[in-house]
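Asks: One structure, as C-alpha cells, below. Some questions next.
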Amino acid sequence: MSDCALAVHDLSVRYGAAATALDGLTLEVPRGEIVALLGPNGAGKSTLMRAVSGLLPVHGGSLTSGRVEVLGTDVTRLRPSGRVRVGLAQALEGRQVFPELTVAENLAAGGYVRRYRKAEAREVRERVLHHFPRLQDLMDRQAGYLSGGEQQMLAIGRAMMSQPSVLLLDEPSLGLAPKIVETVRDVILDINREGTSILLVEQNAAMALSIAQHGYILEGGRVVREGSAAELRADDDIVSLYLGVAPVEGAGQHG
Amino acid sequence: MTLFLQLGFQGIALGMVYALIALGFVIMTKGSNTFNFAHGEFVAVGAYVVLALMPHLPYWLAFLGSIVVTVALALLVEATLLRRLLDKGLTTVVLATLGVSIMVHALILMVWGVGTKGSAGPVGSGTVEVGGVVLPLSGIATIVASVIVLAALLVFFRRTPYGLALRATASHQEAALAQGIDIGRMFALSWAIAAVLAVVASIFLASFPRVVSPSIALVALAAIPAVVIGGMDSLIGAVVGGLIVGLIQVLGAGYLADYGGGKLHEVLPYVLMLLVLVVRPYGLFGSRGIERV
C-alpha cells in the first residue's frame, strides 16, 4: 500500500484548443493529512480537482499527460463512478446540492455507489450527521431552500456518505459569512481527525493554512511553491499575496 | 347526463393513455436532456409487435415480447445516436430524433404495409352497465392498468436507489456525476422506462374500438400538447395534461360533432397548448427555470 492517499504525477490538462490549463503538475496528499491548494483565479485549482475526480469531460477538458492514484490505485482511466468506489469524494465548488431533492435524499444520493442496505445507510447517515447537527432538523426540507451555510454542510455531508478515504473540497468557504466559515473549518478538522485525507482548495488562504499540514501554491497551471503550512504562513510574499485577502464570491469558475 | 358521464369516462381512459406517453416524454427530457420526437413511433412499434406476437403466444407474453423489442429499439437509438450527439447541442439531438422517427415509420410501412390491422388490446369489445351508463371493458382495463403503472412508477422514483439516482441526475448532472452516479446509464434507464410506458400506452391506444394502423404514432403525438400543458419537467403535469387532452378530445368529439366537419376536437388540444404557451410557457406544473434544462 502506498503511503499517499492521493498522488498526482505530471498532470497536464487542456480545454479544447485553448492554452494548457495544467502543465505537468505533481502533488501528493499523505494519508491522514490536510493539504491546501492555493493560488489566484485561473491558476488551475478547479481544473486539478476535476482531473482528479474525473469531471473534466463535463467541462470540455481532457488529460494530455499524467497519472492520478488514489490509495495506490491508478484511477486515471476510471470514470467518476469508479473513482468514488475506490474511495474518492468531491464537494464541488459553489456547493451544488440537488435543489429539488430533500436533504435526506441528497445524502442518500451521496451513498449511491455503496449500495447500502437500509440499516447500514441509517448508520452511515448518523455518523455523517454528527458533524452537522443542524441538518438533523432539516431532513425533509428541499435543499434549494437551505441557506448557503447549510447547503455547504449538506454538500460536504453528501460527499461523506460514500465513506471516502480522500475528500476533495473545492472552495468550501466561498460566499459564506466569517462565522460560518469558522464552523466549516471545524467540521473539516473533525472529518480529518476521523481519518479522511483532504485536499482543500481555498481562496481563503488564512483559513486553509490554519488547518493544513502542507500547502501547494499554483500559478498558471504549475506548482510555484510548496511547503509545510508553517513555512508558507511564515513566508512574507505569501502573506502579502494571499493572506488577509477576503474570499471573493463567485470567483474562480475555471480557476 | 348519461352521455356526459359516458364521454367523461372515455375521456379519462384516453387521457390516461396520453398521460403514459407524456410521462415517457417528460422522463426522457428530464433524464437525458432531449426531446424525443421518435417516441410516437416507439408507441407504434409497441402496438405492431404485440399484434404480430398475439396469434402465436399468450397475450401477456406477446406484451412482454413487445416490451423487450421496444426497449431494445429505444436503447439502440439512445446509445448509437443520441449519446454521441449530446455535446453537439439540443437542436442537433432533437432533429436527429425527428430523423429516427421518419426512419422507424418507414420501417413499419415496409414490414406491415399501409393498411389498418386489428385491435391489440388485452380485452375485447364487451361492456358493463353501471347505473345506466355503458362502460366499455377496454376503457376500464385502460384506467386500471394505467393507475397500476403510475403507482409502480411513483414507488420506483420515491423508494428505489435507481429512482433516486435518476432524480438526482435530472436535478444536477455534474453533482450526480460527482456522487458516482453513472450519467450514461441514467440516460439509458430513462429511455428504457419511456419505452415500457410507450408499450403499455400502445395496447390501450389500439384497444377496441381503435385498431393498429400506421397513423397510431400521430395519435400518440397528441401527448405533446399534454406535455406542454402540464409542464415539460413535471411528472404530475404529464398526468394532468394527459387527462385534460383526453377529456377535451372526447367531450369535443361528442358535443362539437356538428362543427368543423366533425374534426374540431382534434384541434382543441393544440389550441389549449398554444394558449398555455402564451400565458404560462412553463406549463401548469413546470418549473420556471425550464430553459436551464
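Asks: Would you check which residues across the range A:159-181 are farther than 16 Å from A:I34 by Cα and more than 14 Å from every other protein chain (Cβ to nearest Cβ) and list them?
Replies: Answer for the range A:159-181, where residues must be farther than 16 Å from A:I34 by Cα and more than 14 Å from every other protein chain (Cβ to nearest Cβ): A:L174, A:G175, A:L176, A:A177, A:P178, A:K179, A:I180, A:V181.
Asks: Another question, if that's okay. Restricting to the range A:188-226, name every residue that is buried (at least 19 other Cβ atoms within 10 Å of the Cβ) and over 23 Å from A:P40 (Cβ atoms).
Replies: If the condition is that a residue be buried (at least 19 other Cβ atoms within 10 Å of the Cβ) and over 23 Å from A:P40 (Cβ atoms), then A:I191, A:N192, A:T196, A:S197 are the ones that fit.
Asks: Separate question: Taking only the range B:160-201 into account, find how many residues are facing chain A (nearest Cβ under 10 Å) and either crowded, with 20+ Cβ neighbours inside 10 Å or of a type in the set (S, T, N, Q) (or both).
Replies: Count: 17.
Asks: Would you please name the residue that is farthest from the other protein chains (Cβ to nearest Cβ), looking only at residues in the range A:98-113 that are over 14 Å from A:V84 (Cβ atoms) and open to solvent by less than 10 Å² (accessible area, probe 1.4 Å)? Even if it seems obvious, please write down each step before you answer.
Replies: Within the range A:98-113, the first condition is being over 14 Å from A:V84 (Cβ atoms), and the residues that meet it are A:98-108.
Narrowing further to those that are open to solvent by less than 10 Å² (accessible area, probe 1.4 Å): A:98, A:101, A:103, A:106-107.
On the way: A:F98: 4, A:L101: 6, A:V103: 13, A:N106: 8, A:L107: 10 Å.
Checked the range A:98-113; the qualifying residue farthest from the other protein chains (Cβ to nearest Cβ) is A:V103.
Asks: Could I ask something else about it? Checking the condition surrounded by fewer than 24 Cβ atoms within 10 Å (Cβ to Cβ) and touching a residue at least 12 places away in the same chain (Cβ under 8 Å), which residue from A:L154, A:L176 passes? Talk me through it step by step, then tell me what you get.
Replies: On the way: A:L154 fails: surrounded by fewer than 24 Cβ atoms within 10 Å (Cβ to Cβ).
Testing whether each residue is surrounded by fewer than 24 Cβ atoms within 10 Å (Cβ to Cβ) and touching a residue at least 12 places away in the same chain (Cβ under 8 Å) leaves just A:L176.
Asks: Inspect the range B:92-102 for any residue being open to solvent by less than 50 Å² (accessible area, probe 1.4 Å), β-branched (V, I, T), under 20 Å from the mean Cα position of the chain (by Cα) and closer than 17 Å to B:Q10 by Cβ and give the result as yes or no. Can you show your working first?
Replies: Taking the range B:92-102 and keeping what is open to solvent by less than 50 Å² (accessible area, probe 1.4 Å), we get B:93-94, B:96-97, B:99-101.
Still in the running and β-branched (V, I, T): B:93-94, B:97, B:100.
If we keep only those that are under 20 Å from the mean Cα position of the chain (by Cα) too, we end up with B:93-94, B:97, B:100.
Now narrow it down to the ones that are closer than 17 Å to B:Q10 by Cβ: none.
No, there is no match, as no residue in the range B:92-102 is open to solvent by less than 50 Å² (accessible area, probe 1.4 Å), β-branched (V, I, T), under 20 Å from the mean Cα position of the chain (by Cα) and closer than 17 Å to B:Q10 by Cβ.
Asks: List the pairs whose first member sits in the range A:2-16 and is surrounded by fewer than 17 Cβ atoms within 10 Å (Cβ to Cβ), whose second member is assigned to a strand (DSSP E or B) and of a type outside the set (S, T, Y), and whose Cβ atoms are under 6 Å apart, counting only residues at least 6 apart or on separate chains?
Replies: A:H9/A:G66; A:H9/A:R67; A:D10/A:G24; A:D10/A:G66; A:Y15/A:A21; A:Y15/A:G61
Asks: If we keep just the residues of the range A:29-42 that are crowded, with 20+ Cβ neighbours inside 10 Å and at pLDDT 90 or above, which is farthest from the other protein chains (Cβ to nearest Cβ)? Write out each step before concluding.
Replies: Going residue by residue through the range A:29-42, those that are crowded, with 20+ Cβ neighbours inside 10 Å are A:29, A:34-39.
Those left that are additionally at pLDDT 90 or above: A:29, A:34-38.
Numbers: A:V29: 18, A:I34: 20, A:V35: 19, A:A36: 21, A:L37: 17, A:L38: 22 Å.
Restricting to residues being crowded, with 20+ Cβ neighbours inside 10 Å and at pLDDT 90 or above, the top hit is A:L38.
Asks: Of the conditions (1) within 14 Å of chain A (Cβ to nearest Cβ); (2) modelled with pLDDT under 95, B:S119 clears all except one; give me its number.
Replies: Result: B:S119 passes all but (1).
Asks: Going by what's in this entry, would B:I216 be described as buried (at least 21 other Cβ atoms within 10 Å of the Cβ), more than 25 Å from A:E105 (Cα to Cα) and in contact with a Gly (Cβ under 6 Å, 6 or more places away or on another chain)?
Replies: Working: buried (at least 21 other Cβ atoms within 10 Å of the Cβ): yes; more than 25 Å from A:E105 (Cα to Cα): yes; in contact with a Gly (Cβ under 6 Å, 6 or more places away or on another chain): no.
The answer is no for B:I216.
The values are calculated or read from the model by the stated rules, or taken from the named source; none is laboratory data. Being a predicted model, the structure only gives us computed values, none of them experimental. When we count neighbours, we look across all protein chains shown, and the Cβ atoms used for this are built from the backbone with ideal geometry, even at glycine. The area values use the complete protein model at the heavy-atom level, side chains included, leaving out ligands, DNA and RNA. Shrake-Rupley method; radii C 1.70, N 1.55, O 1.52, S 1.80 Å.
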